[in-house]
Structure formats: structure tokens, C-alpha cells
1. Consider all pairwise Cα distances in the stretch 258-308 and report the whole-number % of them above 15 Å.
2. Return the inverse of the average 1/r over all pairs of distinct C-alpha atoms in the stretch 153-269, which is the Kirkwood hydrodynamic radius, in Å to one decimal.
3. Accessible area per residue, 1.4 Å probe, Å², for the stretch 373-440: what's the number?
4. Express the accessible area of the stretch 27-115 per residue in Å², computed with a 1.4 Å probe while the remaining protein chains stay in the model.
5. What does the charge dipole of the stretch 62-105 about its Cα centre add up to, to the nearest 20 debye, if the Cβ of each Lys and Arg holds +1 and the Cβ of each Asp and Glu holds -1?
6. Please compute the alpha carbon radius of gyration of the stretch 203-328, then divide it by the globular-protein estimate 2.2 N^0.38 Å. Two decimals is fine.
7. Just to verify a number: what accessible area does K230 come out at with the full protein assembly present, 1.4 Å probe, Å² rounded to tens?
8. Amide H to amide H, which residues 5 or more places from G277 or on other chains are under 5 Å from it, using H placed in the peptide plane?
Amino acid sequence: MDERVAEDYGRSWYAATAIAAPERPPLGFDVDADVCVIGGGLAGLTTAFEIARLGWSVVLLEARRVAWNASGRNAGFVLPGFACDPAVMIERVGAVQARRLWSLSEAGAAYVRTVIRENALAGVEPRRGWLDVSKTDDLAEMQEDLNILVGELGAAVEGWSADQVREVLRSDAYFHALHFPDAFHIHPLNYALGLAAAAEAAGVRIFEGTPACEIDPAGVRKRVTTPAAKVRAGHVVLAGNVQLGALMPTLAATVMPLTSYIGVTAPLGERLGEAIGYAGAVSDSRYANHHYRVVDGDRLLWCGEGTCFPGDPRKVVDRFGAAIAAVFPQLGPVEFTHAWAGTMGFAIHRMPQIGEISPGLWVAGAFGGHGLNTTAIAGNLIARAIVENDDTWRAFEPWDLVWAGGLAGRLVQEARMRVRNRREAVEARFARRRDQKRRAAALPLYRRGEDGADAPPPPAWNEARAVTGGGAERSISGPAAEHDPRPPASAGYGGRTYADPSFGAVAVPEPPNALDWRRAKAAEPGGAAAPASRLVDERLVDERPADEPPIDARPARPRGVDGRHGRAGGR
């Protein structure tokens with residue numbers, strides 16, 4: 001790794017695989033522009049890019065290098081939704097407005113896909129899908145979340161049973177999951193560097209090594225003072241997130257910094273594919289632990305251990321080995337070749353800060369826990385508000401700037417995360433014990449013939465079901481239902497029928513009983529492991545039978561602020 005790149009971006013795998021990017025000079029002369037953007041992360045770059053494409057002049061000031069902190073160090077998840085629980089959103093603004101916000105979040109993810117495709121960004125490598133898996137066997141909670149996401153918000157989401165999850169993530173630590181087929185993951189640093197180049201091509205002037213020292217927001221022309229020069233602009237956009245403390249201490253006090261740690265393993269070869277047969281991103285916790293994805297073909301990128309007080313990335317990442325062994329013991333010992341940290345900003349209400357603070361002074365921040373889609377939302381809404389007087393940004397007004405509590409707030413949040421993670425670990429341990437007892441008491445999946453020879457595969461699913469005891473039926477709701485050739489089912493399990501020209505088409509599934517035949521063979525003593533569901537164009541192909549019995553109806557139960565799915569707590 002180039003030492004200068006390591007100094008600017010940390011010793012991350014992203015920095016080691018970054019595309020070539022120019023070093024931009026600091027601002028050394030006074031300049032006038034229509035808009036001044038402070039902060040060269042993804043939100044600032046998107047805002048500047050969109051304003052320039054609408055024909056206005058833009059100057060972007062970055063204190064260090066473009067995307068040097070959270071924007072170039074995060075896990076690279078591009079997801080629909082927000083960190084705020086969907087049920088809380090509905091309670092606060094009503095179902096109609098919550099559905100509108102969810103649509104904006106999906107548009108943000110679609111914007112990232114479009115920018116990658118239209119600008120042919122190098123090294124970004126999008127991969128489809130996000131699995132939000134549960135480490136407990138509380139199926140009723142997932143069904144409740146699925147009903148809200150599909151029924152109230154119109155989300156493109158599927159419910160997966162434990163069998164489906166374990167076909168692609170071979171671990172008994174996992175149970176059911178929510179699958180978001182239109183989510184994806186990327187190389188975030190290369191995306192930011194490519195976006196910066198696209199912004200410059202559109203006319204944005206980017207100055208690195210240029211911190212904003214002072215702002216005079218009064219009057220029609222605002223003044224931004226830097227160490228060597230001044231910028232005069234009609235509008236100023238504050239997109240510095242947690243780095244705005246010296247410039248705007250009152251605004252910075254509304255954001256709680258949270259540092260997350262990421263490690264990338266050495267190449268794991270074929271054993272990684274034997275453990276993980278899913279090309280998308282995975283989150284296995286409602287709070288800060290853990291999120292992961294396969295990168296570079298046979299490496300595992302593992303993220304977690306969020307804390308309000310930064311620590312040594314290498315020491316934290318070295319502890320990831322135990323976490324991986326607990327989930328995927330078949331991988332054996334793993335070595336981490338890269339370890340780094342990035343600090344994100346969170347708002348107390350777990351929604352992004354998007355809007356106008358005072359006439360001509362705008363804020364775009366608090367994107368921690370949402371995925372990269374919210375940076376795209378902020379950039380587009382603020383650009384159109386400034387240039388076209390569009391007021392869509394007002395959808396975020398119910399989530400105003402709220403003081404984050406200072407040092408005391410960080411201490412309280414740190415304690416809450418530790419307690420919650422501990423409670424989650426205990427619940428997961430009991431769930432695994434219950435599951436082991438159920439499996440030990442279950443009938444065998446497959447029986448040999450009397451002569452000891454292999455019997456032929458079951459000719460129909462009904463015969464296999466008589467042996468296995470059946471499973472959970474699937475159904476699909478929302479826009480994809482009209483494209484599904486099967487009759488609708490009664491429960492919340494969905495089929496994989498969402499298509500996206502950015503990622504290719506979906507192949508026809510195997511016969512309905514093929515999966516169960518493979519499972520039966522794998523369950524024999526000494527049997528080979530069942531292969532994962534097939535991947536086509538970086539996504540899963542349907543392999544579950546269409547006529548499984550429905551899930552028993554379970555009564556709804558009250559839910560707290562920190563729900564399990566739809567982005568809870570620390571995402």
C-alpha cells in the first residue's frame with residue numbers, strides 16, 4: 001500500500017484496492033460561487049454534483065482528502081429504509097408520510113446504482129442483496145415486521161425461514177431473516193472517488209486540505225473563511241458530519257459520534273464458499289454486532305464492535321476471530337490482513353439531518369446506521385431545494401436537531417449498547433439450545449432402502465414432506481406479486497421475483513423437491529454438505545417448494561423503539 005494513501009485513508013482494504021485519484025490543491029485565493037459545500041464525504045459530493053448538473057456554480061471545501069473518514073471506511077451497505085424503526089416512523093408521522101419516506105430511501109439506493117452505471121465507475125463492484133438475519137427463534141417478531149414493511153410501507157422485502165437462511169449461511173446460529181433483494185453492497189471509497197471525478201467533470205471545484213474556519217451566514221452572500229482565502233456564496237451546505245465541532249459547535253452537539261471497526265481476512269479459498277453461499281451483505285444483530293460480506297472472491301469483510309469512545313482498530317479486529325468462529329466454526333482460524341475504524345454520526349432520533357437551518361444555510365448529516373442511501377437522499381433533496389425551490393426535504397422536519405447529550409450522553413449510550421449486546425447474546429444462546437433439542441427429536445430426513453442402497457429421489461414434494469414433517473409456506477406481497485406465476489399464499493414468506501436491469505435477470509428455479517433431496521443426502525452420517533442455493537447474476541435463485549403448509553398465525557405483540565428489523569439500533 002502506498003504510504004501516502006495509507007496516511008490519508010488508513011490502512012484499510014479499501015485504501016489498498018483504491019483506484020488512482022488526484023490530489024487536489026488547497027484554496028489559495030478568494031472565490032465566488034452560487035453554493036459552497038463544506039465536507040467532501042458522500043453527502044457533500046452528491047450535493048455538489050447535483051447542483052452543478054442543474055447549472056449552478058459550486059465550490060467544495062474538504063479539510064483533508066475526499067472521503068477520508070466515514071464515507072471511505074464504512075461497510076459499503078446500500079439499503080432501503082432508515083435506522084429509525086418503521087413502527088416508530090409510522091407512529092410519529094402517520095402511515096402515508098412514513099410510506100413517502102420509505103420511497104425516498106429506495107430512491108436513494110436507486111440513485112447510487114444509477115450513478116455507478118451511468119458514469120461507469122471503476123472498482124465499485126456492486127453485489128446484490130441484504131439479509132437481516134435473526135439469532136433467535138422468535139418468528140412472530142419477524143412476521144410483525146414483515147407486515148409493517150410490506151403492508152404499511154410497500155417495501156420490496158421477503159421473509160425467509162430458518163431453512164432458507166441456513167442453505168446460504170451454513171450456521172446453526174441463524175434462524176429466520178428478512179431479505180431485501182434490491183439492496184446491495186459496494187466498495188465505498190472507490191464510489192466516492194468516482195463520484196468526485198464525476199462532480200468535477202460537471203463543473204464542481206474541489207479544494208482539499210482546506211478546512212472552513214469560520215462562517216458568516218448573515219445576508220444574501222454568506223462568507224466562509226479558510227486559512228488562506230474566503231468563499232462568498234448564496235448558499236452554504238454543512239456536510240461535515242462529526243467533524244464540524246470547531247466550526248459549528250452547536251450543530252455538532254446534535255450528533256453522537258460512534259466508531260465502528262472493520263477487518264478483512266486473508267484469502268480463505270474454497271472453505272469460505274462452503275460456509276457462505278450468499279453474494280449479498282449480511283447483518284446478524286439489531287445493534288452494533290455484526291455485519292459482513294464476501295469481498296475479492298474469497299475474503300471476508302467483518303464489521304462491528306461499535307463504540308462511542310475510539311480504540312485501537314487492530315486490537316478490536318483481532319477479537320473478531322472468536323465471533324466468526326462462533327458463527328462459522330468450519331472456517332477454522334482466520335487471519336486479518338487489514339484492520340481499520342471509521343467514525344459515523346448518529347442523531348438521537350435515528351433519522352438523518354436534512355434541511356435548512358437558517359435562510360441559505362443547509363445541513364446534511366447524521367447518516368450513521370442508515371446505509372449509504374441517505375447520503376444520496378440528502379444530496380438530491382438539498383440540491384433541488386436550492387436550485388428549484390423544491391420542498392420535499394420538509395418530510396424530515398419532524399426529526400429536528402436534538403442535543404445528543406454531550407459526554408454524559410455518550411456514556412449512557414455506551415452502557416446501553418453493552419447491556420443490549422449482552423442480552424442479545426444470552427437470548428441467542430437459549431435459542432440455539434431450543435433448536436438443538438428440536439432437531440434431536442425430529443425424524444430423519446431420509447431413510448435408506450432395506451438393502452442399504454440409496455433410494456431414488458422422491459418423485460414429488462408430498463412424499464418428501466411425509467418424511468420431513470413439512471415446512472413453511474411462502475407468499476409474496478407488493479409490486480412483485482403480479483409477476484409471480486404461483487397462486488398467492490396466506491403467510492408472509494416471499495418469492496424471489498424482483499428484477500433490476502442493473503443486475504440482470506433471474507433464472508428459472510430447479511424442480512420443487514430437488515432442494516429437499518440434497519438436504520436428505522447431506523443429513524446422512526458422513527454425507528456431503530448440501531450445496532448452497534444457486535447464484536445467478538449475484539442473486540439467489542428460488543429453490544423452495546411452492547406448496548409448503550402456511551405458518552401458524554401468531555398474535556401481534558407490543559414492540560419497543562428498538563425493533564428487530566427494518567434497521568434497528570446500531571445499523
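The values are calculated or read from the model by the stated rules, or taken from the named source; none is laboratory data. None of the values given here were measured: they were computed from a predicted structure. With ideal geometry, Cβ positions are generated from the backbone for all residues, glycine too; neighbour counts draw on all protein chains shown. We work out accessible area using only protein heavy atoms, side chains counted, and drop any ligands, DNA or RNA first. Shrake-Rupley method; radii C 1.70, N 1.55, O 1.52, S 1.80 Å.
1. Values: 596 of 1275 pairs.
I get 47 percent for the Cα pairs in the stretch 258-308 exceeding 15 Å.
2. Details: mean 1/r = 0.0510 Å⁻¹.
Result for the stretch 153-269 stands at 19.6 Å.
3. Working: 3890 Å² over 68 residues.
Each residue of the stretch 373-440 exposes 57 Å² on average to a 1.4 Å probe.
4. On the way: 2550 Å² over 89 residues.
Roughly 29 Å² per residue, with all protein chains present.
5. Values: 6 positive and 3 negative charges, 35 e Å.
In debye, rounded to 20, the stretch 62-105 gives about 160.
6. 1.53
7. About 90 Å², ignoring ligands and nucleic acids.
8. Result for G277 returns L169, R170.
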